[in-house]
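One structure is given here, and the rest of the page talks about it.
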């Protein structure tokens with residue numbers, strides 16, 4: 001499958017001259033003097049990805065987005081740019097053409113619209129009949145006014161869907177961005193819009209998505225749904241509150257005859273709720289709708305509605321994914337209308353008689369005898385004008401989100417969902433884009449029973465046939481949906497990862513294909529009986545007495561629980577590490593805040609998941625004493641010594657502490673050069689051999705250490721320090737447990 005994920009704020013690595021960077025299967029495309037690759041359109045027949053960007057319309061190959069690109073330069077005319085500049089807008093960032101809308105129009109053409117320097121413009125784009133045609137051009141005679149189709153302001157979101165030959169768009173239709181409307185244009189039917197300047201219909205909406213969903217076998221019943229967030233008129237006494245909405249209207253709406261002329265007569269909206277119940281009984285709401293993805297099922301009338309939300313609260317930060325059914329949505333629109341008697345009254349369910357045909361019903365033979373909305377009685381039109389809001393909201397399935405993240409430094413922004421046939425059933429894999437430029441790959445799996453689900457975060461892709469296409473401010477990324485090799489080579493790791501794209505084939509973790517025979521169940525929570533020898537990685541770490549050190553261990557599976565054990569001597573029993581204020585366990589390993597002599601020994605890191613435990617890593621910790629060594633550092637013989645420390649020793653120890661305090665590589669090199677320069681100034685041959693470390697260090701003596709080992713210690717400590725002070729995240733395919 002191919003999938004789309006248009007992220008508006010996904011960070012791509014900059015500073016590269018080539019448009020393609022391959023990074024663990026990720027391909028990228030960038031274009032000089034352009035940005036804002038936010039409008040993406042898949043064309044699997046032609047094998048192309050069409051992209052709207054700043055001043056450009058692009059056609060990229062689905063197999064490799066960096067190959068065989070075609071582009072149309074589509075700038076705003078000079079006089080439009082000047083006019084925009086005179087209106088006080090920025091000539092380089094505002095007064096250009098941002099292509100915001102790209103749709104399939106027919107077999108040979110696309111329909112695309114852009115901001116046109118605050119002068120919305122649309123065009124028919126010829127793409128040819130077949131893939132081999134390689135046609136990609138705009139006919140200047142087919143360029144037309146884009147008002148009511150594309151926003152004026154590139155910062156304003158817009159949502160649109162092209163059904164048949166008609167475009168339905170949720171957009172601001174004025175320069176100031178105050179007149180928001182849902183507008184139908186193109187086609188043979190009259191252009192129709194929402195009631196103007198009526199806050200009950202739309203109140204400062206931010207449009208998120210628009211979809212066509214059939215209601216029955218009769219096309220006259222087809223509905224168009226709009227998803228948006230807006231300032232809620234019904235949130236009394238709460239100040240300015242944002243609510244998420246779903247709006248519906250009939251495709252065959254022709255407007256009213258005497259009232260609501262060329263206005264929607266079937267427009268209704270209600271609140272979309274996504275919340276988690278709190279311990280005190282009150283709910284925490286995710287009110288900022290960010291994106292919607294309709295996952296088609298076998299029944300075209302009943303797609304699954306996946307939606308991404310974030311919080312509007314400055315106190316509580318979080319994001320959630322909620323899943324809605326079309327049955328629940330239709331039920332809300334068949335429920336009571338919200339009614340308000342006057343300015344000082346509460347919103348209540350309307351108790352009076354609802355006129356016939358019920359507002360929101362489409363004129364069709366299915367539910368009545370009306371041929372057109374123009375034939376609707378006046379009381380129906382008047383009721384529809386004053387009651388666009390439903391009283392009952394739409395709740396998600398199971399009344400709670402399917403995935404939540406709170407108190408993290410990012411928000412969810414975008415979503416794409418793929419239905420996968422795995423070895424043990426069907427799974428919906430969610431790819432969630434964030435505003436920090438990552439893509440989360442998440443599935444829901446049954447916990448004890450199918451009614452009780454747990455979500456699994458499978459991967460966090462650090463950049464933002466089976467491909468995911470990600471559009472961002474700076475470029476486009478092409479990401480494989482499965483990267484089974486990141487789960488390692490062990491059978492247990494592959495099975496416990498529970499990625500529905502992957503399965504164990506007897507030798508490695510590879511892509512699961514339903515027609516091949518595999519013995520292992522990839523998403524099963526049961527452990528396998530397959531015996532697989534697992535070699536434990538081992539490392540040595542040096543800690544300075546009195547200072548801190550870090551024992552890093554990261555399991556490959558994000559669901560594993562990590563425990564640590566400690567063994568003082570090979571003969572001593574292995575016991576679990578007791579955590580306290582001095583020994584802290586983090587999600588990346590064990591932090592020893594103050595190293596003591598008694599900490600010497602072997603630490604083992606174990607990952608436990610669903611009753612299966614495996615040892616990931618053994619770390620031997622040696623403690624460097626904080627008192628100065630008892631013999632001169634230049635003497636290779638550890639048996640001599642016992643005399644008072646010389647000046648050289650004090651000098652060396654001061655240098656040593658300087659090294660410990662400067663994990664920065666260049667600082668370390670400078671310090672070492674100073675030390676060597678000082679020592680070599682009047683040194684004998686034995687002293688000059690100080691920097692060279694022997695190939696294999698002999699066992700450590702109890703009294704002191706030969707000088708030529710000190711540099712080896714420093715190298716080890718420097719490596720360890722660099723590892724744990726490096727603040728960048730590891731690459732997603734790097735070994736997850738240290739030392740492997």
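Checked against the criterion of being closer than 30 Å to residue 175 by Cβ and at pLDDT below 85, the candidates 40, 7, 20 yield just one match: 7.
Table: residues versus (1) within 17 Å of residue 72 (Cα to Cα); (2) surrounded by 15 or more Cβ atoms within 10 Å (Cβ to Cβ); (3) out of contact with any strand residue (DSSP E or B) (no Cβ under 9 Å at 6 or more places or on another chain).
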residue: 139; (1), (2), (3): yes, no, no
residue: 156; (1), (2), (3): no, yes, no
residue: 162; (1), (2), (3): no, yes, no
residue: 178; (1), (2), (3): no, no, no
residue: 190; (1), (2), (3): no, no, no
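Can we say residue 578 is modelled with pLDDT under 85, within 40 Å of the chain's Cα centre (by Cα) and exposed (fewer than 15 other Cβ atoms within 10 Å of the Cβ)? No; evaluated as a whole, the condition is false for this residue. Please determine whether any residue of region 592-615 is at pLDDT 90 or above and in contact with a helix residue (DSSP H, G or I) (Cβ under 9 Å, 6 or more places away or on another chain). Yes, because at least one residue in region 592-615 is at pLDDT 90 or above and in contact with a helix residue (DSSP H, G or I) (Cβ under 9 Å, 6 or more places away or on another chain).
Does at least one position in region 250-263 carry a residue that is more than 24 Å from residue 176 (Cα to Cα) and assigned to a strand (DSSP E or B)? For region 250-263, residues more than 24 Å from residue 176 (Cα to Cα) and assigned to a strand (DSSP E or B): present. Residues in region 120-131 that are modelled with pLDDT of 95 or more and not in a strand (DSSP E or B): 120 alone. Does residue 199 satisfy the condition of being out of contact with any helix residue (DSSP H, G or I) (no Cβ under 8 Å at 6 or more places or on another chain) and either in a loop (DSSP other than H, G, I, E, B) or farther than 28 Å from residue 44 by Cβ (or both)? In short, yes.
The values are calculated or read from the model by the stated rules, or taken from the named source; none is laboratory data. This is a predicted model, so every value here is computed, not measured. We place every Cβ from the backbone using ideal geometry, glycine too, and count neighbours over all the protein chains shown.
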